[in-house]
Structure formats: structure tokens, C-alpha cells
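Below you'll find the structure, written out as C-alpha cells, and then a few comments.
A short reminder: the numbers here are calculations on the coordinates, not readings from a lab. Just so we're clear, the structure is a prediction, and the values are computed from it rather than from any experiment. All Cβ positions, even for glycine, are placed from backbone atoms using ideal geometry, and neighbour counts span all protein chains on display.
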Amino acid sequence: MTSGPSPHNRSRSEEEDDPVDQMISKTGCAELHYAVQDCMAEHQDWRKCQSPVQNFKDCMMSFQKARKEQLLKQKGAVTEST
């Protein structure tokens with residue numbers, strides 16, 4: 001790996017401009033996403049990055065499950081109040 005600055009050390013304005021970074025940051029899985037990116041940059045072969053990919057996938061699945069449950073609860077509360 002190179003000794004240059006990390007691509008993740010960005011200024012606030014660059015981070016705000018990237019909608020993908022914004023969405024991933026909201027999930028709580030950003031560090032795992034960056035680990036996948038770092039692995040891919042280092043190895044240039046997704047097959048060598050299966051562990052970081054699986055960790056990121058698991059995190060995203062957990063977030064999506066929790067979000068779905070939250071939305072279903074909100075929908076149920078709205079339905080009950082009408």
C-alpha cells in the first residue's frame with residue numbers, strides 16, 4: 001500500500017458532495033465500506049476481499065432490517081391513529 005494520504009481523509013465539503021458517502025454514513029457501515037475500498041485498492045481482486053465484503057454486507061443487511069421494522073411500526077401507528 002502506498003504511504004500517501006488516505007483517500008478517506010477528505011474535507012467536509014467533498015464528503016457532503018458525494019451522495020453515496022452520505023447514504024453509507026447514515027447506515028453506520030461507513031468504516032466497513034472503506035475497508036472494502038482499501039482492500040480492493042491494495043489487491044485489485046475482489047476474490048481476495050471476501051471477508052471485508054461480507055462484513056460490509058452483514059452491516060448493511062442489519063441496517064436494512066432495522067429500517068424496515070421501523071417503517072412498519074410507523075405505518076402501523078399511522079393506520080391505528082386514523
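Rounded to whole Hz and in sequence order, give me ³J(HN,Hα) for the range 48-61 from the Karplus expression 6.51 cos²θ - 1.76 cosθ + 1.60, θ = phi - 60°, writing x for Gly and Pro.
8, 10, 5, 5, x, 5, 5, 4, 5, 4, 4, 4, 5, 5
Which net charge results for the neighbourhood of C49, defined as the other residues with beta-carbon distances under 14 angstrom from its beta-carbon, given Lys and Arg at +1 and Asp and Glu at -1?
It works out to a net charge of 0.
What number of lysine-lysine pairs in the range 13-81 show an alpha-carbon separation below 22 angstrom, given a sequence spacing of 8 or more or placement on distinct chains?
10
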